[in-house]
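Taking it in order: structure first as structure tokens, then the write-up.
The values are calculated or read from the model by the stated rules, or taken from the named source; none is laboratory data. Predicted model, so just to flag it, every value in this text is computed and none were measured. Cβ coordinates were reconstructed from backbone atoms using ideal geometry, including for glycine residues, and neighbour counts include every protein chain displayed. Remember, those area values only see protein heavy atoms, side chains included, never the ligands or the DNA or RNA. Shrake-Rupley method; radii C 1.70, N 1.55, O 1.52, S 1.80 Å.
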Amino acid sequence: MAAVYSLQSFIGDMDNITRDKNSPEKIVADAKPLLIKLVQQPDCIEPKFKKRGAAAYGRYMLHRAPRFNITAVVWGPGDNAKAHNHDTWGLVGVVENEIHETRFRRRDDGSKPDYANLEVTAVLKNRAGMVSCLIAPDDDVHEMNNVTQRDTVEIHVYGKDLADMPRLRFDVATKTVKTFASPKYDNC
């Protein structure tokens, strides 16, 4: 019987990948098949990290390291995150259910304050076992929507800790942009 690929194994592999590689493209390319392997196992994270937050989607730090962080995000029915950037490389793997992801490209040069012109580059239905990749600065803007009637559980892997980090949130309809920061995690 084949050994189960665990979160601890993934952490060890990510430590090696991020120690050996500097290029965000190489990190994401090497990490993607490993995250796919991990999220194909419904029990890859503990049940306590598969719960929606009391007032909004749940965010749980699973592993914090100098070169990467791993979090669990739980989207309840109707939860969403409007178009936003990450300012780092990232991978988002679906463990349970599905999430609708809209990807964007910024058409303006960012020189006009509070203005951003985004165009949709893809609309995806990411199901359990699938992984989406983000590479800043040109391919890291997306919007996430749980349009189902069940919770969606994901594992997010980023090159930076996003809590309290200034980033950009876009209003596609009004072509405006504002700075925001993600809140602290539900477990730390």
Of (1) 60; (2) 32; (3) 36, the label for percent of Cα pairs over 25 Å apart derived from the coordinates: (2)
Selection from Ile36, Val74, Met14, by position along the positive dipole direction of segment 1-110 (Cβ): Val74
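Where the only charges are on Cβ atoms (+1 Lys, Arg; -1 Asp, Glu), what is the dipole of segment 110-153 about its Cα centre, to the nearest 20 debye? Present the calculation step by step, with values, prior to reporting the outcome.
Details: 4 positive and 7 negative charges, 57 e Å.
Here segment 110-153 has a charge dipole of around 280 debye.
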Those trypsin sites (Lys or Arg not before Pro) in segment 106-154 that DSSP places in a loop and that have at most 15 other beta carbons within 10 Å: Arg107, Arg150
Signed unit charges on C-beta, dipole axis of segment 47-166, positive-most listed residue Leu118, Asn97, Cys133: Asn97
Fully extended contour minus Cα-Cα distance, from Arg105 to Thr174, at 0.36 nm per residue: 23.3 nm
Spatial separation of Cα centroids for segment 136-180 and segment 15-30, in angstrom: 22 Å
When each of Lys26/Lys178; Lys125/Lys184; Lys82/Lys184; Lys26/Lys160; Lys50/Lys82 is checked by Cα-Cα distance, pairs over 25 Å: Lys26/Lys178; Lys125/Lys184
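How big is the dipole moment of the chain about its Cα centre under a simple scheme where the beta carbon of each Lys and Arg is +1, that of each Asp and Glu is -1, and everything else is neutral? Debye, nearest 20, please.
About 200 debye.
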Where segment 113-170 is the region considered: accessible area per residue in Å², 1.4 Å probe: 47 Å²
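Using a 1.4 Å probe on the protein heavy atoms, what percent of the accessible area of the chain belongs to carbon and sulfur?
Numbers: 4830 of 9510 Å².
That fraction is 51 percent.
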Distance between modelled label sites at Lys21 and Val123, nm, 7 Å Cα→Cβ extension: 3.2 nm
FRET E, pair Ala54, Asp114, Förster distance 41 Å, beta-carbon r, rounded to 0.05: 0.80
Candidates Val153, Val172, Val94: whichever shows maximal mean-square fluctuation once the chain is modelled as a Gaussian network with Cα springs under 10 Å: Val172
